[in-house]
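The values are calculated or read from the model by the stated rules, or taken from the named source; none is laboratory data. A quick note: this is a predicted structure, and the numbers were derived from the prediction, not measured. Glycine gets a Cβ as well: all are built from the backbone with ideal geometry, and neighbour counts include every protein chain shown.
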Amino acid sequence: MKRGTAISASLLLLAIIATRDASSQIANLDWADEFVTGRVNVKMIGSSGHGTIDHFFDQNGSDEPPTWTWMGGQGANQGGRANAREKVMTSWYEGSSSCFGVTINLARRRVFPVPGLNQGCNSGQQTPVGSVSYTKNSCVFPAGDWDISMRAKPVFDFALDTSLVNQTAGYVSTISSTSSSGMAGASLTGCYAISWF
Amino acid sequence: MNGMTRVVLSTLCGILGSIGCDAQNDLDPARLPVALLDEDSGVTTLVFGSADHQADLDDIAEGAKPLTFAWTAVGVPSELRDQLLSPEGIGVDLTSADHAVTFTQVYADVCNPAANDFSSCYLYESYTAGDEGLSGSLQLALQGERAVGRFAVVWEGITDRFQGQPQWHRHETSTGFAATLVDER
C-alpha cells in the first residue's frame, strides 16, 4: 500500500468512527423541542403585596448547584429553531385586593465551546442572546379577581440562533422574578447543551 | 359586608387561618387601584395606578414619566371616544394601525440581563397600535364610577430599556384593571 493510500484509509476510518459516535450520540438524545427549565411559584397575597416566590432550575432534582447537562438535539433550520422552546412553568395564586404586578424574566446566554458535563454553569465564555419576560398585573377591586392558574410563561425559542449547523451549543439561562409591590425578588441560573444538526 | 358578617368571617379566619382571609383582613386603601380620566389634549387618556400614587396620575396624563412606581396609561384617539364611553367600551387589535391607540407603562423587571444584572428596576415602555414588533389586544370601558380594562400586550425587538444597553427582548403584559375613577384637579 502506498503511503498516501494508507493515510487516506486511516482518515476514512477515523471519519467512520467519528460519524458512528455522532450518530450514536444523537440517537441517544431526546428532542430539544419544548422543555421546562424552571418552575416559579408566585403568591400575591394581602394589601402590602407580601408573598413568597420559589423557583428552581430543575437539575437532578436536588438542591445542588446546577451543572452542564444535555437537553437534546434539534434541527438547525428555521422550523427546528422555532420548535425548540424553553419554558418557565409559573403557578399564580392571586388573592390580593391590592394593585401590583409580578414579572418573570428568562434571560439566555450562549456558550462556546460547551464546557464538560458536571462543571458549574459559570464556566465557559458567555455571550448574551436576549431575554423574554412576562408581567402579570392585577389591579381589580372590589375583590373577586382571585385567580389560581398554571401558565407556561415566559417562553423563549431559539429563532435568534441562525448560524448554528452541526454544532453543539451551550446555553446559560437565568430565571428571575421581580415585583412592583416590594415583594422580594429572586433569581436562579441553570445551563444545558443542544446539539443542532 | 355588615358588622355581624365581618365578625363571623373574622372568627372563621382566625380558626382556619386561610390565605383568602388574609386578603380580606389586609385591605389597605393606599394600595387599591384607581384611574384618572384626562381629556385635555384632544386624546382621551386613562392612567391606572394604586391609590398611594393617586396624586401623580395627573402629571402622567400630562406627559410625566415617573420611574419609581408602576403605572399604566392608555391613550384613545377622538374617533373612539364615544365607543369608550359606551357600556361595551373599545376593543383594539394592537397589530393594526387603524386607530392611534397608545399603551404606556412603567413596570418592574430585572435591571439588565445582558450585563447579568438581575436586580429589580422599574422599566418604561410605550407603544402605538401598529408599531413594528407589537401584538396583542386591549379592551377598555368606562362603567359609571369605574374604569375597566384588560390588556394583553406583547412587543419584541431590540430595546435600550435595560440601562440603555441595546439587546433583544420580548415582553408580554397581562393586565386586568377595575379601578375607581378619581379626579385630582
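Miscellaneous remarks
- Against the conditions (1) more than 12 Å from every other protein chain (Cβ to nearest Cβ); (2) modelled with pLDDT of 75 or more; (3) in contact with a Cys (Cβ under 8 Å, 6 or more places away or on another chain), B:ALA61 satisfies every one except (3).
- Yes/no for B:PHE103 being more than 9 Å from chain A (Cβ to nearest Cβ) and in a strand (DSSP E or B): yes
- Residues within segment B:106-126 that are surrounded by 19 or more Cβ atoms within 10 Å (Cβ to Cβ), under 21 Å from B:PHE177 (Cβ atoms) and either small (Gly, Ala, Ser) or away from chain A (no Cβ under 14 Å) (or both), tallied: 1
- Qualifying residues in segment A:162-197 (those that are among the hydrophobic types (A, V, I, L, M, F, W, C) and within 12 Å of another protein chain (Cβ to nearest Cβ)) - the one nearest to A:VAL36 (Cα to Cα): A:ILE175
- Residue check for B:THR175: surrounded by 14 or more Cβ atoms within 10 Å (Cβ to Cβ) and facing chain A (nearest Cβ under 9 Å): yes
- Enumeration of residues in segment B:31-43 that are more than 8 Å from chain A (Cβ to nearest Cβ) and over 17 Å from B:ARG150 (Cα atoms): B:ASP38, B:GLU39, B:ASP40, B:SER41, B:GLY42, B:VAL43
- Residue check, B:LEU142 touching a residue at least 60 places away in the same chain (Cβ under 8 Å), away from chain A (no Cβ under 13 Å) and hydrophobic (A, V, I, L, M, F, W, C): yes
- Residue within segment A:149-170 that is of a type in the set (A, V, I, L, M), in a strand (DSSP E or B) and exposed (fewer than 14 other Cβ atoms within 10 Å of the Cβ) present: yes
- Of the residues making up segment A:130-138, none is more than 8 Å from every other protein chain (Cβ to nearest Cβ) and out of contact with any Cys (no Cβ under 7 Å at 6 or more places or on another chain).
- All positions within segment B:81-109 that are more than 17 Å from the chain's Cα centre (by Cα), modelled with pLDDT of 95 or more and of a type outside the set (S, T, N, Q): B:ASP93, B:ALA97, B:ASP98, B:HIS99, B:ALA100
- Strands (runs of 3 or more DSSP E) (entirely within segment A:61-113) containing at least 2 residues that are within 14 Å of another protein chain (Cβ to nearest Cβ), without any contact (Cβ under 8 Å) to a residue 60 or more places away in the chain and surrounded by fewer than 22 Cβ atoms within 10 Å (Cβ to Cβ): A:85-95
- Matching residues in segment B:107-139 - criterion: being assigned to a loop (DSSP other than H, G, I, E, B) and either in contact with a Pro (Cβ under 6 Å, 6 or more places away or on another chain) or of a type in the set (A, V, I, L, M) (or both): B:ALA129
- Hey, A:LYS153 at pLDDT 85 or above and more than 20 Å from the chain's Cα centre (by Cα) or not: no
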